[in-house]
Amino acid sequence: MTSGNSGADLSGPRGPWRLIAWIVTAIMAATVCYSVLRIPLQVTDSLVPMLDAQKTPSVIGAFASGARASGYFRPLRAAQIQALFELSNGHYFAAYKGFQAAMVAVVFALFLLVLEVNSLHRLAALLFALTVLTGLHSFRGSVWEAYPVNHSLEIVAFCLLALLLARSNGGRWSDAAAALTFLAAVSTVESGLLVWVVIVAAWLTGARGVSRRGVLVVTALLAGYVALRFAYLHTGVPALSERSSGFGLRQLDPAELQRRFGAWPYGFYAYNVVSSLLTVLFSEPRAGIWTIPAEFVRGRVAAGTVINVVSSAVTTVIIGWFVAARRDAWRPAFARALRRGRPAFARALRRGRPAFAQALRRGRSEFDRDDQIVLVSCAVIIANAVISYSYTKDEIMGPAGVFYALAACVGIVFVLRTVGEQIDRGADPLGPRVPLATLALVLAIVSAGWVVRTAGLHYQMNLMTFYDRNEWVYVDDWLVQQKSAPSTDAGKALVRQLREDAVEHAAVNPYLLSPRLDQWFR
Amino acid sequence: MVSMTSRANWILAAVALPAAGWVVVSLVWLVTAALGIPRAFDSRTLTLTEASAVASHADTARLLGNGADPNAASRLRAGLVMNGETTMTPLEAATGAIRSGPVQMLVDRGARIDESNYAVLWCGAMARRNTDMLRFLESRRPERAPIDCTKVRALW
């Protein structure tokens, strides 16, 4: 790992900050786990896969079936559902929800490990970043549902693990682990392709934990995945008419999507990519729907919507400030040499390949760990938006949201360092016209905004608990509508048991809380 | 190393204090939840009347499954629909629900809608502008049911 000068290494005693960082991260993770464990396994997306698991003879059978599903290639997801079903010994809620809570803990731990908290500044930035992580709406979508195995969280964990491997000391085991991580991710769900993006982006920014050979192996696996999926299994891609999607100020159902965009869907795809990008950076639009104008048309823009947009916009500006300040340092050494009219690049070319490679290495050496985090985050956010082209949904931007929180942490460290340095020099950090108190006030408002959004995560998960419990009351009608009613005694017993589990489950009724909360937590 | 002047500390505090406050709140929340406090928020403390008033189909099903009487008046705690605590039947409480309540479930399990209570329910739903309930009641209107709301017991 190289060390640059973006301000990552604010020194100080490492031990206490690291310990405190683990404690606050554990508390934040525990609250999310608590809310997750209160939500019953939902009827939609969970029950039918569990009934399928009951009928499937083995994990291998589930794996094979998951590889052949029309439009999707998710064998590992099917295998996980099957394995947990068989291991649960009838304790389905404990098995699936326990696994989900474990994934939450893993994600938080990896998030902290990536950020390497070793100073007071980084601890402060971590606190901020944890509220960005949990407060961003894409995280809510990623964390609450069970399906009954939460593949969205798994992909987040795989991406963070890939970044950690890329920034490790490296070696054969690291390369092998990177390849396995990629295979596991793409076999779980399509967004697992982001693991490749993380590994390649990290390598391009000088992280050598995964060697060039490792990157080539992962790239070859990517090519193999594409060939397997499209040329051999012919699983194709999801059709336009498969699900609803937000567009403009409202949700369009599959029939309307087909009618409006069926002939030429590329404009719709471009809208989805841009919407997905903007939703992470500015919290608008949400699932493809522009909420501020939509709420304005309905007569009132909710306070929660304003908080979401303002907190995201200012955080994005902070990340942008970091990018602007580091832009020059990121230009490869040889490019800078050319720009300045120095003959270094030409000399390197004349001397042949080793010198050229050395020049490239010099270029990469300008990226320190925080640069790598931000650049990999940018790559993940863009790539996540691109692969979400077919429809927009908050949860599919889950990995992008987590990497956005990582970038926010780096941005805050940069602000703290820059301001500290300027004050030490006796200068006004924002110039003579803007008092420091203004910056402090803005940061406090934004930080408080993210705290409100984090509280909103728990409020919304509480609402989900209420709705999911109510759905279980009418599960038999739903199964008939879906043409999935179990015909066997075992299937009927499974539905009955899950229904009883859900209805008897302890829950905080949202009506016992203030009705005004709905306006604040969007 | 960057020294921490008092002015720089403002910035650091501005960034960290709100989130640190949330961590403290989270810790308190986890501890109190582990101790079962506050119990009043637990939906298992709802009466059938309250479950009906807040449209909790799950709690209504649970309470009916445990043998609750769908015609018995019970507590409707303060703050759910009205500011003060009162007592009423589940169907009467359902007229005050914001969204579609478990009315059909109550009727299926023996809740009565007849001439003795129809007018009270109708006028209660009218007072709360509960269109779902009004539609439901319209389909079960007894022949000679009075609907002059000035002459019946007001629920809300």
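The values are calculated or read from the model by the stated rules, or taken from the named source; none is laboratory data. Bear in mind that the values here come from a model prediction, so they are computed numbers and not experimental data. All Cβ positions, even for glycine, are placed from backbone atoms using ideal geometry, and neighbour counts span all protein chains on display.
Taking segment A:114-152 as the search range and keeping residues that are among the aliphatic types (A, V, I, L, M) and closer than 27 Å to A:Phe93 by Cβ, which one is farthest from the other protein chains (Cβ to nearest Cβ)? Please lay out each step first, then the result.
Residues of segment A:114-152 that are among the aliphatic types (A, V, I, L, M), as a first pass: A:114-115, A:117, A:120, A:123-127, A:129-130, A:132-133, A:136, A:143, A:146, A:149.
Now restrict to residues that are closer than 27 Å to A:Phe93 by Cβ: A:133, A:143, A:146, A:149.
Working: A:Leu133: 11, A:Val143: 15, A:Ala146: 17, A:Val149: 24 Å.
Looking at residues that are among the aliphatic types (A, V, I, L, M) and closer than 27 Å to A:Phe93 by Cβ, I get A:Val149.
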Next on the checklist: Among the residues of segment A:454-472, are any touching a helix residue (DSSP H, G or I) at 6+ places or on another chain (Cβ under 6 Å), more than 30 Å from A:Thr44 (Cα to Cα) and at the interface with chain B (Cβ under 7 Å from one of its Cβ atoms)?
Outcome noted: no
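Test of understanding: among A:Ala379, A:Ala383, A:Ala408, which residue is within 14 Å of chain B (Cβ to nearest Cβ) and either of a type outside the set (S, T, N, Q) or surrounded by fewer than 24 Cβ atoms within 10 Å (Cβ to Cβ) (or both)? First the steps, then the outcome.
Numbers: A:Ala379 fails: within 14 Å of chain B (Cβ to nearest Cβ); A:Ala383 fails: within 14 Å of chain B (Cβ to nearest Cβ).
Exactly one residue qualifies, and that residue is A:Ala408.
Look through A:Glu295, A:Glu284 and report the one residue that is out of contact with any strand residue (DSSP E or B) (no Cβ under 8 Å at 6 or more places or on another chain) and outside any helix (DSSP H, G or I).
Numbers: A:Glu295 fails: outside any helix (DSSP H, G or I).
On inspection, the qualifying residue turns out to be A:Glu284.
Of the residues B:Ala20, B:Ala51, B:Ala55, B:Ala16, which is within 9 Å of another protein chain (Cβ to nearest Cβ), of a type in the set (Gly, Ala, Ser), part of a loop (DSSP other than H, G, I, E, B) and out of contact with any strand residue (DSSP E or B) (no Cβ under 6 Å at 6 or more places or on another chain)? Break it down into steps so the answer makes sense when it comes.
On the way: B:Ala20 fails: part of a loop (DSSP other than H, G, I, E, B); B:Ala51 fails: part of a loop (DSSP other than H, G, I, E, B); B:Ala16 fails: part of a loop (DSSP other than H, G, I, E, B).
After ruling out the rest, the residue left standing is B:Ala55.
Select from segment B:58-77 the residues that are within 7 Å of chain A (Cβ to nearest Cβ) and either of a type outside the set (Lys, Arg) or under 30 Å from A:Leu130 (Cα atoms) (or both) and write down the one among them that is surrounded by the fewest Cβ atoms within 10 Å (Cβ to Cβ).
Our first condition is that a residue be within 7 Å of chain A (Cβ to nearest Cβ); within segment B:58-77, this holds for B:58, B:61-62.
If we keep only those that are either of a type outside the set (Lys, Arg) or under 30 Å from A:Leu130 (Cα atoms) (or both) as well, we get B:58, B:61.
On the way: B:Ala58: 27, B:Ala61: 21.
The residue in question is B:Ala61.
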Next on the checklist: Just to confirm my filter: which helices (runs of 4 or more DSSP H) fall fully inside segment A:90-206 and include at least 3 residues that are over 13 Å from the mean Cα position of the chain (by Cα) and modelled with pLDDT of 95 or more?
Outcome noted: A:92-115, A:120-135, A:151-166, A:172-188, A:194-204
Next on the checklist: If I filter segment A:464-516 down to residues being modelled with pLDDT of 90 or more and of a type in the set (Asp, Glu), which single residue comes out as surrounded by the fewest Cβ atoms within 10 Å (Cβ to Cβ)?
Outcome noted: A:Asp489
Item to check | Hits in segment B:103-152 (condition: surrounded by 12 or more Cβ atoms within 10 Å (Cβ to Cβ), of a type in the set (Lys, Arg) and within 24 Å of the chain's Cα centre (by Cα)) | outcome: B:Arg109, B:Arg112, B:Arg128
Item to check | Hits in segment A:437-449 - residues which are buried (at least 18 other Cβ atoms within 10 Å of the Cβ) and facing chain B (nearest Cβ under 7 Å) | outcome: A:Ala440, A:Leu443, A:Ala444, A:Ser447, A:Ala448
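Does B:Glu50 satisfy the criteria of being charged (D, E, K, R), surrounded by 21 or more Cβ atoms within 10 Å (Cβ to Cβ) and touching a Gly at 6+ places or on another chain (Cβ under 9 Å)? Quick ask: steps written out before the conclusion?
Values: charged (D, E, K, R): yes; surrounded by 21 or more Cβ atoms within 10 Å (Cβ to Cβ): yes; touching a Gly at 6+ places or on another chain (Cβ under 9 Å): no.
Here the answer is no, as B:Glu50 does not meet what is asked.
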Next on the checklist: So if I check each of A:Val503, A:Val475, which one is over 28 Å from A:Ala313 (Cα atoms) and either at the interface with chain B (Cβ under 10 Å from one of its Cβ atoms) or not aliphatic (A, V, I, L, M) (or both)?
Outcome noted: A:Val503
Item to check | Residues located in segment A:291-306, provided they are within 12 Å of A:Arg250 (Cα to Cα) and either surrounded by 19 or more Cβ atoms within 10 Å (Cβ to Cβ) or small (Gly, Ala, Ser) (or both) | outcome: A:Thr291, A:Ala294
Item to check | segment A:213-270: number of residues that are part of a helix (DSSP H, G or I) and closer than 21 Å to A:Gly192 by Cβ | outcome: 21
Checklist entry - Of the residues A:Ala102, A:Ala95, A:Ala64, A:Ala79, which single one is crowded, with 22+ Cβ neighbours inside 10 Å, without any contact (Cβ under 8 Å) to a residue 24 or more places away in the chain, away from every other protein chain (no Cβ under 13 Å) and under 23 Å from A:Ile155 (Cβ atoms)? => result A:Ala79
Checklist outcome for this item: For segment A:78-135 the number of residues that are under 30 Å from B:Trp10 (Cα atoms) and among the charged types (D, E, K, R) is 2
Checklist outcome for this item: Residue hits (segment B:23-45; more than 7 Å from chain A (Cβ to nearest Cβ) and not in a helix (DSSP H, G or I)) are B:Leu35, B:Gly36, B:Ile37, B:Pro38
Next on the checklist: For segment A:166-185, give me each residue that is closer than 10 Å to A:Gly214 by Cβ and among the polar types (S, T, N, Q).
Outcome noted: A:Ser174
Next on the checklist: I want to confirm something. Restricting to segment A:230-247 and keeping residues that are in contact with a Gly (Cβ under 8 Å, 6 or more places away or on another chain) and of a type in the set (Gly, Ala, Ser), which single residue is modelled with the lowest pLDDT?
Outcome noted: A:Gly236
